[in-house]
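These notes are about the structure you will find just below.
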Amino acid sequence: MTAQISPASTKLYVGIDAGSVSVNGMVIDERKRILYEFPYVRHMGKAEEMVAALIRELHERFGKESIASVAFTGNHGKNLSERLGTFYEFEIISQVLGALHLRPDVRTVISMGGQDTSLAQINHREAGWDLATFNTNGPCASGTGSFIDQQAERLATAVYEKKNVKDHRPLDSILGDFISLGLKSRKPASVACRCTVFTKSDMIHLQNKGELLEDIIYGLHIGNARNYLSTIVSKCSLLDPILFIGGLSLNALQVRAFREYFPSLIVPAHSTSIGALGVALQALQSGRKDCPDLERVLVKDPGQTLSVPVGSKLVLQKTVFPEKNEIPWRPLGRSPAAYLGIDVGSTTTKYALINQRQEIIHKRYVPTQGKPIEVTQALLRHLREQIRDRVQILGVATTGSGRSVVGDFLNADLIIDEITAHARGAVEIDPEVDTIFEIGGQDAKYISIANTHPLDFDMNKVCAAGTGSFLHELANKYGIDIVGEFQEIALSSNRPVKLAERCTVFMESDLVSYQQKGVPREDLIGGLCYAIVHNYLNRVVGNRRIGEKVMFLGGPSLNKAVVAAFENILGQGLIVPRHREVLGAFGAAVSLQEKMRSEGIKESTFRGIDSAINDRMSHSERTCRADTECHNQCKLKVYNFDGRKSIWGGECGRYERSRRTEERKENLFDVRQRIWQSHVQGIFEPVQDVPLMEVEGRPTVGMIRALYGLQSSVLWAHFFDHLGFRLVLTPPTSEQISRIGIETMAAETCYPMKVSHGHAKTLMGKTSYLFLPTLIDMATPKPSERGYYCPMVQSSSFMIRSALGIPGSDLLSPTLNLKSDPEIIALDLYKQLFGKLGWKRGQVKAAFQYALQRQEQFEKELHRRGREFLMTLPPEEPLVVVTGRPYNLHDERLNLRLGQNLAKLGVSALPMDFMDVSDVNLADFSSMFWGLGAQILRTARHIRKAPTYFGLHLTNFSCGADSFIEHFYKHIMGDKAYLILEMDEHSAAAGVMTRIEAYKNVIENSMRKLAPGLSRRFAH
């Protein structure tokens, strides 16, 4: 308290900020003095109870008669104010009023709350102030307090053994330790923070690479600050004084991250209660006299009816749900030999030990804790204590997202993808199973089985909505024990609400919204089970076949309510086997046993339990300099495992250790790069660190190696060279270029657009001119086709110029229809560039015709090289044809080195621009107005007709055009196996490797079904 008051003479005004995560309160008197602040408290989904407790405390402290008004703001405040008949003010206004009261000269207010972030900029005039600009996050909660809470909880077991969160104290304790550890960091890791899902992917990848936890944690907060700059601040210039308020202002690590960009950032007193202060001031200014009855806070209006969509009660009727899941110790008989499978998942790690009869004799399931090696050591220590000398381990197999790093550490005999492992384990339990639903901590999988082999599969792309980790996080948020209590609450619901099922954030927003309306907790949790299942069926299974014998695996399969939701929606029972939580580890162990028997392997490569347990993981660190052309400067960790050198780190996979015996195939992506290089040799320069205004007396023209630059750079290099200029290209996309692009974006777009901004920023001031054309369309095989580029590519020049503030004096930005007759294009170039460059019309025409011929020569050489490759491919060998937009296909940062990884796996893969598909009939897609979309669909149709061709489509998150193309692609493929990879700025290659390894296995099974002697049908 800052002042003494006389309750009889002074009236008090209370402001309550009932937010999505916390409740805060402020008490002021008639002279606007702050008398009391109710401390920041998490309400754990019980906002009304917390508000009632706050009002009760104020009554006891000041007396009910002293309180003139209680006013509300915040997410839950609107509903409370309407019910109680009290004053309410929008959050952004309340925050600005509170900030101005504490700091009258404030110009900028940065607010980060539980689910909302905002920016307010204030102008001061003689007559007062006005709100110059403001911006808030959309429906996505990425970058908010809940976002940081989720990551802290997920990593909590890496810091210490986490207990179940029942109220705000343990979570605050977890968060405090999380922040304290992050403050020790001096080398923050690069973490993508635009989406909670990408963040998890990045952090799991970094943990599996052995990054220090403190560096990951600080990198998370740096990424959060960058995300705020990109999505909220955008092009605005923030003026001092800058106040940082909201729940995240208590986070010293987030404050430190923001001060990297705004050194003078101020965290004011009462930073979490600024909104409550502002609404109290508004109530005072308005002369409000409305002190609500305490009892009315918790009592709902009996006449109030909730109009919310609901589903049927969750009932388990057709599925046999095993109540007991323990394993009795099985006698080993005369041969005490066993095989060990270890499934290193993103959130949990488990093992299954099987005997010679393929029976599970021991298992364990524990949190991964963000430390796959340490957790594996703990599991082996537990196993050693349990089995002592009674069992001889004949071999070890690893699977899961951490399979490679743990497999390397253990010197495992088999490293196998989790899709294949789960399929093998499932058919061992029930050979007649034809469909597998598997929902893990971070991934969800669908597998179609025929004759005990996987013939088709799919996984969630980048979104983790409906996975185990999401369920766990929401259970923690509402103080519910995920084991037992969650399912009992859900099954007790009579009217489960229908929630948005497309995104974790929208699901959570629906939960908050319905909770504000007074929907009972059991109906929310029951509705969540339905949302999880609908999300899985719509996003993962899609139109794929669901068979008669469906097996449900993974952590959520232990939840009776989720199983009931599947049963109610599908109208059929599921197979829910015992030990399903370790079925991936079981399948890995069975696969290893079969491999060792079939190949006659007598001796294991496994380093041994004692050696693995006692390894202290000592290592040295160095920066990779293996490739002088690479500028990523990856941090490497060099380990010594019992005399065996192992190098971890690096984005290119150069140091990855493989157990594979397949012959490495030719990388056609590299071949394409070499062919391109040969066609531009001597007529372009790479951008330098210093300005390069002339080369051999030729003025320089900068062009981005992104978007259209990866498709038509041969054309423009020869065009400018013919006219006496020298083209300067940016380097291949690096982590730095990517980061610069993300930070300079003025709006949220697809990743290729963000990267293009980074390339353009790299060129600024480095060349005489900057070439940023507006390309409307491209040449098409038939005149009737439209051939448009997507709207993002068409508008890229305007977006880049606006975001970067590029001056027009040195900008070359012609608007071109490349589908037009070459003479018309040349005329357009002449008219639009003559004023700056002084070219003659005849020179431009000759230069463009010459350049067009060189571009056609480049494309013809690709086709010729493609035909040669196909002619040399054995008829019995499958071919993966990779489709996608050139800026996805041929940018190794965007495709995560897909060509290299396919070649390393022994997969023959051909990018689509090696195939001339211009004669493929696309008449049934007459409305396909995207030029690249038509090329992708022509290639897909060609793949569909060739029995030994298989499709892999590469796309990226937030691509509006491809959201349509994917449906058409799937339609063309029909029942033929295909794979769609969706990439974004997250750099974790583990998920990509899982998918392509599994796809390789599916292709091999499909090839077995083809008739012997089948000839390859060439279209060339």
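The values are calculated or read from the model by the stated rules, or taken from the named source; none is laboratory data. None of the values given here were measured: they were computed from a predicted structure. FYI the Cβ positions are ideal-geometry reconstructions off the backbone, even for glycines, and counts take in every protein chain you see. Ligands, DNA and RNA are excluded from the accessible area calculation, which covers all protein heavy atoms including side chains. Shrake-Rupley method; radii C 1.70, N 1.55, O 1.52, S 1.80 Å.
Structural remarks
- Fully extended contour minus Cα-Cα distance, from K831 to K782, at 0.36 nm per residue: 14.9 nm
- Summing charges over all other residues whose Cβ lies under 12 Å from the Cβ of N24, with Lys and Arg as +1 and Asp and Glu as -1, gives -2.
- Accessible surface, per residue, of the chain when the full set of protein chains is kept, probe 1.4 Å, Å²: 39
- Exposure of K363 as accessible area (Å², to 10), given a probe of 1.4 Å and all protein chains: 40
- Comparing H579, I525, A564 along the charge dipole axis of the stretch 524-579, the residue lying farthest to the positive side is H579, per the Cβ-charge model.
- Global form of the stretch 875-1020, assessed from the alpha-carbon gyration tensor, a/c cut-off 1.5: oblate
- Rounded if a/c under 1.5, otherwise prolate or oblate - the stretch 548-602, Cα gyration tensor axes: prolate
- Ordering D642, D343 by accessible surface, largest first, gives D642, D343; the 1.4 Å probe counts only protein heavy atoms, with every chain in place.
- Surface calculation, 1.4 Å probe, protein heavy atoms: E522 sits at approximately 70 Å² accessible.
- Most to least packed among 789-801, 745-757 [average Cβ atoms within 10 Å]: 745-757, 789-801
- Highest to lowest packing among 62-69, 617-624, scored as the average C-beta count within 10 Å: 62-69, 617-624
- Near-label residues of the stretch 930-946 by backbone N, under 20 Å of a point 7 Å along Cα→Cβ of D975: 941-946
- Dipole in debye (nearest 20) - the stretch 533-623, about Cα centre, beta carbon charges: Lys, Arg +1; Asp, Glu -1: 220
- Candidate residues R644, R31: accessible-area rank, largest first, probe 1.4 Å: R31, R644
- Shape call, the stretch 339-463: gyration tensor on alpha carbons, a/c limit 1.5: oblate
- Note on the stretch 806-956: lysine pairs with Cα distance below 30 Å, sequence gap of 8 or more or different chains, count 13.
- Inter-probe distance in nm under a simple model that places probes 7 Å from Cα toward Cβ, at E326 and E856: 7.9
- Calculated [222 nm] ellipticity per residue, helices only, for the chain: -12500 deg cm²/dmol; basis is -39500 (n - 2.57) per DSSP H run with n ≥ 4, divided by all residues, nearest 500.
- FRET efficiency, Q356 to R674 (Cβ-Cβ, R0 51 Å, nearest 0.05): 0.50
- Long pairs among K324/K363; K595/K976; K350/K595; K46/K78, criterion Cα-Cα beyond 24 Å: K595/K976
- About the Cα centre, charge dipole magnitude for the stretch 768-892 (Lys/Arg +1, Asp/Glu -1 at Cβ), debye: 600
- Placing unit charges on the Cβ atoms only, positive for Lys and Arg and negative for Asp and Glu, gives the chain a dipole magnitude near 1120 debye about its Cα centre.
- Under 5 Å from the amide H of I245 lie the amide H atoms of I110, S111, M112, each residue being 5 or more positions distant or on a separate chain, with H modelled from the backbone and absent for Pro and chain starts.
- The relative contact order of the stretch 818-922, computed from alpha carbon pairs under 8 Å that lie at least 6 residues apart in sequence, is 25 percent.
- 12 Å beta-carbon shell around I683, net charge (K/R +1, D/E -1): 0
- Packing, taken as the mean count of other beta carbons within 10 Å per residue, orders the peptides 46-55, 905-914 from highest to lowest as 905-914, 46-55.
- To the nearest 10, the accessible area of W930 is 30 Å² with a 1.4 Å probe.
- Charge tally around Y351: other residues with Cβ under 10 Å, Lys/Arg +1 each, Asp/Glu -1 each, net +2.
- Positive-end residue, the stretch 840-906 charge dipole about Cα centroid, Cβ charges, pick of V844, V881, N895: V844
- Recomputing Cα Rg over 2.2 N^0.38 Å from the coordinates shown identifies the correct label among (i) 1.09; (ii) 1.01; (iii) 1.25 as (ii).
- Taking 0.36 nm per residue of sequence separation and removing the Cα-Cα distance, the F798/S646 pair yields an extension gain of 49.9 nm.
- Dipole of the chain [Lys/Arg +1, Asp/Glu -1 at C-beta], most positive-end residue of V320, G278, P781: P781
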